[in-house]
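Here the structure is laid out as structure tokens; the discussion comes afterwards.
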Amino acid sequence: MRLGAQLSAMPGFEAVVEEAGRAGLRALQLFSRNPVGGKGQLIPPLPRMKALLTRYAIQPLYIHAPYFVNPAALEKTKHLNAKTVLVAEMRRAKQLGGDYLVLHPGHFSSPGQKEQAWDRTYETLIAMLSAPGKILLENTAGQGKELGADLADIGKLFQRLGRTHRIGLMWDTAHWMAAGHPLTTQADVDRGFEAIDQTVGLARLKGIHLNDGEGAVGSRRDRHAPLLTGPLGREALKALLRWAETLDIGVILETPGRDISSRQSDLTLVRNLMAEF
Ligand SMILES: [Zn+2]
């Protein structure tokens, strides 16, 4: 299975790929820059990144877009800024040898603005598509006025965008539970995949953010937790892994911590469960 993790790129992009590879990861997610602001660090030449990714058979490499821009911003300057930053992120993702740029759809600020906010996200994505590369939109916890907790909304946006091969879904299990869906049993997991199939189409699911949550199901709180310490059930976790293996998609641990050592117990748990198959 393409098991991977979100790791901090602080040690440098090449160093972090080395570290992931030596730890046996087969997928990886990195921020291309500090997610809350500041300059991005230097990107190594693409052939060197590609050689490392090939040597350790790491694929896909997901690049996570920063949080400091809002793709759904209604205010003109902020929206323009989001488009500029995210188009540049598309280029950085490509330069890093990334397969996908992952982003959240954004948020609005006052009630009644939801439709307009989705229009802004649509425009942002159109701008991003002017650069080469593929985009994954992530389902969210629906915290505050965050877009994307409802897969039907994401499905509608996908229909409007077309370009099936360049836009897909990153499914976050902690966000899914926070948005009100239990993941306790095999049936819960099957229902999740069915919902994905009916809204965006299973073929467009290109990765799973495998996280437990801190809050209860339906809490709408976006707080990740180590596996099996929150509402995620052991049976559901096994079912998720089986689905991911069947679909041959990347599974990224975004549980607390920034490096391999902090995720070691989650990695071991997943590997032990896989060995039971
Ligand atoms: Zn996530």
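What Kirkwood hydrodynamic radius do you get for the range 121-277 when you take the inverse of the mean 1/r over all pairs of distinct Cα atoms, in Å?
After inverting the mean inverse Cα-Cα distance, the result is 16.0 Å.
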Solvent-accessible heavy-atom area per residue, rounded to whole Å², over the chain at 1.4 Å: 43
Highest to lowest packing among 190-196, 208-214, scored as the average C-beta count within 10 Å: 208-214, 190-196
The chain: C-alpha pair distances exceeding 25 Å, %: 42
Cross-link reach list, lysines versus Lys50, counting only Cα pairs under 16 Å and skipping chain neighbours closer than eight places: Lys94
Cα gyration tensor, the range 86-191 - rounded (a/c under 1.5), prolate or oblate: oblate
Computed label-point distance, nm, for sites Asp190 and Lys78 using a 7 Å Cα→Cβ extension: 4.4
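The values are calculated or read from the model by the stated rules, or taken from the named source; none is laboratory data. Because the structure is a prediction, the values reported are computed rather than measured. Using ideal geometry, Cβ is built from the backbone for each residue, glycine included, and neighbour counts are taken over all protein chains shown. All accessible areas refer to the heavy atoms of the entire protein, side chains included, with ligands and DNA or RNA removed. Shrake-Rupley method; radii C 1.70, N 1.55, O 1.52, S 1.80 Å.
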